[in-house]
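What follows is a single structure, written as structure tokens, with notes after it.
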Amino acid sequence: MQKQSAWRFRSSSVGLIKVEPNNDDYSMNNGDFENSSSADLLPFGKSDEKTQLFLKEIFEILLKYISKSFDRKCKILDFHHPHQLLEGIEGFSLNINGEAESLEQILVDCRDTLKYGVKTGHPRFFNQLSSGLDIVSLAADWVTSTANTNMFTFEIAPVFILMEDVIIKRMMKIIGWENIDGIFSPGGSINNLYSVMLARHKIMPDVKHSGLRGFPQLVMFQSKHAHYSNKRPAAILGIGLNNCIDIEVDERGHMKPEDLELKILQSKLDGKVPFYVTATAGTTVRGAFDEIVKISEVCKKYKIWLHVDAAWGGAVMMSQKHRHLVAGIEMSDSVTWNPHKMVGVVLQCSMFLTKHKRLLESCNNMRADYLFQQDKHYDITYDTGDKTIQCGRHVDVFKLWLSWRAKGDKGFCHHVERCIELARYLVRKIKKTPGFQLVFQEPEYSNVCFWYYPPSIRNICDEVIKNEKLGKVAPIIKSRMMERGSIMIGYQPLGSKVNFFRCVISNCAVNYDDIDFMVGEIERLGHDIDM
Ligand SMILES: Cc1ncc(COP(=O)(O)O)c(C=O)c1O
């Protein structure tokens, strides 16, 4: 039987890392979950006792998972290939066969789902810009799910709607604008889309009703190191990717304002209308900050909307020490910031902010009178749903609001500064460890990009051959780290630089020993590579 096999779990060890023991027992006697089904839970069951027992078991599973997430002796992941997961492992089956399973099986399913996933809160998970498991925002997420409401109207989410307003107004002070409007949306990519929509709506409001026909060709610009979500709006909104121009970067990875100006002038000569520039505050791979002041001068000169994609780097606004990296952000027209990245709020938590009040509403409203009735008995400006491109909207604000209440400005400041300090420690470590080499010297943020050269390629004189071999090293080490489950770091090429590791630190559970471990583990996993 499926659940039977799911109870027998491996308790082996790989190297120094324990395979997560999965012999947790449920207090079956209390709940008799084997002979119970969802029909015994609220609202169908006769009492709420079974529901409470069931939820307590779920809570136990979650608590154990949380402990393991922070336990360095536990693996980050127990890797299986897609076909293995699809075929089913040790009784864990992904099939929906149409039968109603017992509550016991449902508990096993919850546990196994976590077991075969990736512990992104683990202190040795450096793979993504969003990492860590922040307990307060996790609690907020549980509260939010229990409230199970929708952000489109004050009518059904009064408290959350006002919290969103409070947070957005607070961001006005932090950015330094005199006016603000904004919205929480499902991620930085959507927020970058909002900014292009608004910029176009500002200069061509009629496109909303008449479509693009008859309007001049628009052109938008971003650095060649910008996140790909800055380009996708060109494809979505009918501007066209060919009218989305890459701007050169300097040796620090900053967009070159003089190249921007040149390309703006060129587009004008071509009879097109330059209307939108993205400056990135914290590029995805390198963590570079475009110089907003210089870019804003160009934008002002040509009357172009300036968007700052601070999805990753926006957190420096919380630190006096690092805020200079976004100097001039107040000169922008709009900003994207993802608290689910650097300040560790659990996914998803992302804001779109603009200093142009009412533009979101004017651009997106559809005035559905079954939802946004104009004759309600309260102030309908709090029915924010018509500002968005969604209808239903998840409550994301509460995770940030509660985190902010719990940690204060100081807590966020400490988080950012500590992550940057750990990154600087890694830089120092790489500089003095044989076989390692920084791709970019002196990173500005917590991204540290580096190569590892196994001994077999260190003495190759032919640079072309050496580079070709080097490009294969990171993928091999990455596959080994995933099989072993000891650590996770991303890799990628960038321009002419062959595959290199990009370590990003955004998890405040990371300490100096974890950084030492990372460097040692890469050596352990890669020293014997011989191509
Ligand atoms: C600079 C930048 N902008 C935007 C995004 C997209 O954010 P999201 O994944 O929340 O859509 C990312 C994601 O890594 C990013 O690094």
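The values are calculated or read from the model by the stated rules, or taken from the named source; none is laboratory data. Keep in mind it's a predicted model, so treat the numbers as computed, not measured. Note: ideal-geometry Cβ built from the backbone for every residue, glycine included; neighbour counts use all protein chains shown.
A few remarks follow.
- Output for the range 342-391, where each listed residue is under 21 Å from the mean Cα position of the chain (by Cα), part of a loop (DSSP other than H, G, I, E, B) and not hydroxyl-bearing (Ser, Thr, Tyr): MET342, VAL343, GLY344, VAL345, VAL346, LEU347, GLN348, CYS349, ILE389, GLN390
- Residue match in the range 242-253 (condition: surrounded by 21 or more Cβ atoms within 10 Å (Cβ to Cβ), within 16 Å of the ligand (Cβ to nearest atom) and not β-branched (Val, Ile, Thr)): yes
- Pick from the range 37-89, criterion loosely packed, with under 15 Cβ neighbours inside 10 Å and among the acidic types (Asp, Glu), ranking: nearest to PHE125 (Cα to Cα): ASP71
- Taking (1) in contact with a Gly (Cβ under 8 Å, 6 or more places away or on another chain); (2) within 16 Å of the ligand (Cβ to nearest atom) in turn, CYS349 satisfies each apart from (1).
- Apart from one condition, VAL285 fits all of (1) in a loop (DSSP other than H, G, I, E, B); (2) away from the ligand (no atom under 11 Å from the Cβ); (3) closer than 21 Å to GLU444 by Cα; the exception is (2).
- A single entry from ILE430, ILE505, ILE460 fulfils the requirement of being out of contact with any His (no Cβ under 9 Å at 6 or more places or on another chain), surrounded by 21 or more Cβ atoms within 10 Å (Cβ to Cβ), β-branched (Val, Ile, Thr) and farther than 19 Å from GLN128 by Cβ: ILE430.
- Screening the candidates ILE460, ILE476, ILE430, ILE420 for the property of being in the same structural domain as GLY132 (by TED's automatic domain parsing), aliphatic (A, V, I, L, M) and free of Cβ contacts under 8 Å to residues at least 12 places away in the same chain yields one hit, ILE460.
- Total residues in the range 261-282, condition within 11 Å of the ligand (Cβ to nearest atom) and farther than 15 Å from TYR302 by Cα: 4
- Selection count, the range 306-341, where residues are of a type in the set (A, V, I, L, M, F, W, C) and either part of a strand (DSSP E or B) or more than 23 Å from TRP401 (Cβ to Cβ) (or both): 8
- Set GLU468, GLU421, GLU442: member being modelled with pLDDT of 95 or more and over 22 Å from the mean Cα position of the chain (by Cα): GLU468
- Just one of the numbered conditions (1) more than 16 Å from the ligand (Cβ to nearest atom); (2) closer than 20 Å to ARG358 by Cβ is not true of ILE174: (2).
- Number of residues in the range 316-334 that are more than 23 Å from LYS231 (Cα to Cα) and within 14 Å of the ligand (Cβ to nearest atom) equals 2.
- Unmet requirement for VAL159, which otherwise passes all of (1) aliphatic (A, V, I, L, M); (2) touching a Pro at 6+ places or on another chain (Cβ under 8 Å); (3) away from the ligand (no atom under 16 Å from the Cβ): (2)
- When residues of the range 179-227 are limited to those that are within 16 Å of the ligand (Cβ to nearest atom) and out of contact with any Ser or Thr (no Cβ under 9 Å at 6 or more places or on another chain), the one nearest to ASP250 (Cα to Cα): LYS224
- Under the condition of being closer than 15 Å to GLU444 by Cβ and either of a type in the set (Val, Ile, Thr) or within 15 Å of the ligand (Cβ to nearest atom) (or both), the residues counted in the range 288-307 number 4.
- Checking each residue in the range 189-223 for being surrounded by 14 or more Cβ atoms within 10 Å (Cβ to Cβ) and of a type in the set (S, T, N, Q) picks out SER189, ASN191, ASN192, SER195, GLN217, GLN222, SER223.
- Every condition in (1) assigned to a loop (DSSP other than H, G, I, E, B); (2) more than 23 Å from GLY188 (Cα to Cα); (3) in contact (Cβ under 8 Å) with a residue 12 or more places away in the chain is met by GLY121 except one, and the failing one is (2).
- Any hit, the range 441-451, residues being within 16 Å of the ligand (Cβ to nearest atom), small (Gly, Ala, Ser) and surrounded by 21 or more Cβ atoms within 10 Å (Cβ to Cβ): yes
- Residue within the range 486-501 that is buried (at least 21 other Cβ atoms within 10 Å of the Cβ) and either outside the structural domain of PHE126 (by TED's automatic domain parsing) or acidic (Asp, Glu) (or both) present: no
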